[in-house]
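**Student:** This is the structure, below, for whatever I ask next.
The values are calculated or read from the model by the stated rules, or taken from the named source; none is laboratory data. Please read all numbers here as calculations on a predicted model, not as lab measurements. Here the Cβ positions follow ideal geometry from the backbone for every residue, glycine too, while neighbour counts run over all protein chains shown. Note: accessible area is taken over every heavy atom of the protein model, side chains too, but ligands, DNA and RNA are not part of it. Shrake-Rupley method; radii C 1.70, N 1.55, O 1.52, S 1.80 Å.
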Amino acid sequence: LESAHLFDEPVSVVLPLGHPLADRTTVTVEELADQPFITARQGHWLRRLLERLFAARGLTPHIVCESDEHSAIASLISAGLGIGLVPAFARRTAPHAPVSWITLDSADCRRTVTLHWGADSHLSVAARLMRTTITRWDWATGAPQGEHSSIG
């Protein structure tokens, strides 16, 4: 396989407005121990992150709902159905969701996004153009980094 690192970002705790912790700047996993969580299905990276963070402290998260779409998780949270971990990227796609984004006091509450492809695989012109576009994209701003004249 070959790969290209796309971006690394924090994953925040997202709470509905009016939640007792919503005005905080940081929270600990222990403070979230009894909270109802909305998260992804078993095996999804977001669920594994949540379970790993809790297990490191001898805790188990109380999961009340599952969704694999980060913006849907944020919407369910804004409706008051629970709290959850949501990557920063989702904040850019749902900037007006009425929720509080709070830092979890854990340095490893992050995700890395990497594009992989088979080193010896034949890629069509369209697939190579897509790879070039994705790897040259400015993920921090959500905009292209300029003209993509080479197919790569």
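**Student:** Given the residues Ala55, Ala74, which is the only one that is touching a residue at least 24 places away in the same chain (Cβ under 8 Å) and small (Gly, Ala, Ser)?
**Tutor:** On the way: Ala55 fails: touching a residue at least 24 places away in the same chain (Cβ under 8 Å).
Of Ala55, Ala74, the one residue that is touching a residue at least 24 places away in the same chain (Cβ under 8 Å) and small (Gly, Ala, Ser) is Ala74.
**Student:** Another one. In segment 122-137, which residues are in contact with a strand residue (DSSP E or B) (Cβ under 9 Å, 6 or more places away or on another chain), free of Cβ contacts under 8 Å to residues at least 12 places away in the same chain and assigned to a loop (DSSP other than H, G, I, E, B)?
**Tutor:** Result: Leu123, single match.
**Student:** It is to be established whether one or more residues within segment 56-71 are at pLDDT 90 or above and more than 20 Å from Leu15 (Cβ to Cβ). Let's see the steps before the verdict.
**Tutor:** Pass one, segment 56-71, residues at pLDDT 90 or above: 56-67.
Add one more test, that the residue is more than 20 Å from Leu15 (Cβ to Cβ), and what stays is 56, 58.
Looking through segment 56-71, at least one residue is at pLDDT 90 or above and more than 20 Å from Leu15 (Cβ to Cβ).
**Student:** Hey, another quick one. Do the conditions hold for Arg128, that is, is it open to solvent by 70 Å² or more (accessible area, probe 1.4 Å), touching a helix residue (DSSP H, G or I) at 6+ places or on another chain (Cβ under 9 Å) and of a type in the set (Lys, Arg)?
**Tutor:** Values: open to solvent by 70 Å² or more (accessible area, probe 1.4 Å): yes; touching a helix residue (DSSP H, G or I) at 6+ places or on another chain (Cβ under 9 Å): no; of a type in the set (Lys, Arg): yes.
It is false that Arg128 is open to solvent by 70 Å² or more (accessible area, probe 1.4 Å), touching a helix residue (DSSP H, G or I) at 6+ places or on another chain (Cβ under 9 Å) and of a type in the set (Lys, Arg).
**Student:** Could you figure out which of (1) over 13 Å from Pro10 (Cβ atoms); (2) assigned to a strand (DSSP E or B) isn't true of Arg111?
**Tutor:** Result: Arg111 passes all but (1).
**Student:** Continuing with this model, one more query. What's the number of the condition Arg47 fails, among (1) basic (Lys, Arg); (2) part of a loop (DSSP other than H, G, I, E, B); (3) surrounded by 19 or more Cβ atoms within 10 Å (Cβ to Cβ)?
**Tutor:** In the conditions (1) basic (Lys, Arg); (2) part of a loop (DSSP other than H, G, I, E, B); (3) surrounded by 19 or more Cβ atoms within 10 Å (Cβ to Cβ), Arg47 misses (2) alone.
**Student:** Hey, among the residues in segment 1-44 that are of a type in the set (Asp, Glu) and assigned to a loop (DSSP other than H, G, I, E, B), which one's surrounded by the fewest Cβ atoms within 10 Å (Cβ to Cβ)?
**Tutor:** Looking only at segment 1-44, we keep the residues that are of a type in the set (Asp, Glu), and these are 2, 8-9, 23, 30-31, 34.
Keeping just the survivors that are assigned to a loop (DSSP other than H, G, I, E, B) gives 23, 34.
Numbers: Asp23: 11, Asp34: 9.
Among those residues, the one meeting the criterion is Asp34.
**Student:** Okay, moving on. Test of understanding: among Ala140, Ala90, Ala74, Ala97, which residue is at pLDDT below 90, in a loop (DSSP other than H, G, I, E, B) and buried (at least 17 other Cβ atoms within 10 Å of the Cβ)?
**Tutor:** Working: Ala140 fails: buried (at least 17 other Cβ atoms within 10 Å of the Cβ); Ala90 fails: in a loop (DSSP other than H, G, I, E, B); Ala74 fails: in a loop (DSSP other than H, G, I, E, B).
Going through Ala140, Ala90, Ala74, Ala97 in turn, the sole match is Ala97.
**Student:** Something else now. Going through segment 77-87 one residue at a time, which ones are surrounded by fewer than 19 Cβ atoms within 10 Å (Cβ to Cβ) and part of a helix (DSSP H, G or I)?
**Tutor:** Result: Ser78, single match.
**Student:** Pairs please, first residue from segment 15-36 and farther than 16 Å from Val99 by Cα, second anywhere and of a type in the set (S, T, N, Q), Cβ atoms under 9 Å, 6+ apart in sequence or on different chains.
**Tutor:** Taking only residues 6 or more apart or on different chains, the pairs are Thr28/Ser106; Val29/Ser106; Ala33/Thr60.
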